[in-house]
Amino acid sequence: MKKTCSFALVHMAVAFTVGFVMTGDFLVGSALALVEPACNTVAYYFHEKWWGGAAVA
């Protein structure tokens, strides 16, 4: 779970930076930094759980 949280923080920083650089809008960058990585982090967590189970089988 620590790896997932660390990945989420890095992902949020990247998402904010890309959104802000592309639009010049702090609010758009902030929204992207919250919404996109949050969805992706949940997907990543379940992917890791599935991958771990699939590797055993």
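By how many degrees, between 0 and 90 and to the nearest 10, does the Cα long axis of helix 2-23 differ from the longest principal axis of the chain? It works out to around 30 degrees.
If we count every other residue with Cβ under 13 angstrom of residue 16's Cβ, Lys/Arg +1 and Asp/Glu -1, where does the sum land?
-2
In the chain, the alpha-carbon atoms span a convex hull of 63 Å³ per residue. Each residue of segment 34-44 was assigned a 3J(HN,Hα) from its phi angle through the Karplus expression (A = 6.51, B = -1.76, C = 1.60, θ = phi - 60°), giving 9, 6, 5, x, 4, 5, 5, 5, 4, 4, 5 Hz with x at Gly and Pro. Mean sequence separation of contacting Cα pairs (under 8 Å, at least six apart), scaled by the length of the chain, corresponds to a relative contact order of 33 percent.
We did not get these values from a lab; they are worked out from the coordinates using the rules stated. Since the structure is predicted, the reported quantities are computational estimates derived from the model, not experimental observations. Note that each Cβ is placed from the backbone with ideal geometry, even for glycine, and that neighbours are counted across all protein chains shown.
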